[in-house]
Amino acid sequence: MGVTRHDGFSGQKAAEIVGITYRQLDYWARTDLVRPSLQDAAGSGSRRLYSYQDLLELKVIKTLLDAGIKLESVRKVFTYMRENLGEEITSANLVISGSQTVLVQTDGELIDLLKQGQGVLNILPLGSVKDEVDTRIVELRPSAEDAAGAELRAVSGS
């Protein structure tokens, strides 16, 4: 059972896959950091539905935050990356130096994303984000046998 780019993920499942709290996910959606592209909330009781690409973006944001970048800077970095890399957001590496973040594209081009700070502290490769998200989806998705067994038990009343 493979992951396809057309699968939809509930907010709770998206948070679990990415490794963030549902509260973080909700805040990021309400503040337009990453809005669910398949179905947005439309009032009380409605459910958000995130795409595979949304999961990749969420995981990149979590990776940036885990690297110590403040959320306001993550917004700037992410806006630039989304506008200039599109769906290839995991194809780049980021060089992070305190308050400076430099995007290293695959052709070796360096782009200062925040235009401030000095000294390179670390390089944050984003290519593993896709593999991490794929692995978590597979880990959290019940197997076809488990689903069939649960359905059979429900029908038989056991």
Tabulated pairs, the range 50-72, first under 14 Å from Asp131 (Cα atoms) and acidic (Asp, Glu), second surrounded by 15 or more Cβ atoms within 10 Å (Cβ to Cβ) and modelled with pLDDT under 85, C-beta under 7 angstrom, 6+ apart or interchain: Glu57/Ile89
Wholly within the range 49-158, helices (runs of 4 or more DSSP H) carrying at least 1 residues that are crowded, with 18+ Cβ neighbours inside 10 Å and at pLDDT below 65: none
Checklist (1) in a helix (DSSP H, G or I); (2) at pLDDT below 90 applied to Thr4, failing item: (1)
Failed condition for Tyr27, given (1) crowded, with 18+ Cβ neighbours inside 10 Å; (2) farther than 20 Å from Glu88 by Cα; (3) modelled with pLDDT of 90 or more; (4) of a type outside the set (Val, Ile, Thr): (1)
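The values are calculated or read from the model by the stated rules, or taken from the named source; none is laboratory data. The model shown is predicted, which means the values in this text are computed figures rather than measured ones. Note that each Cβ is placed from the backbone with ideal geometry, even for glycine, and that neighbours are counted across all protein chains shown.
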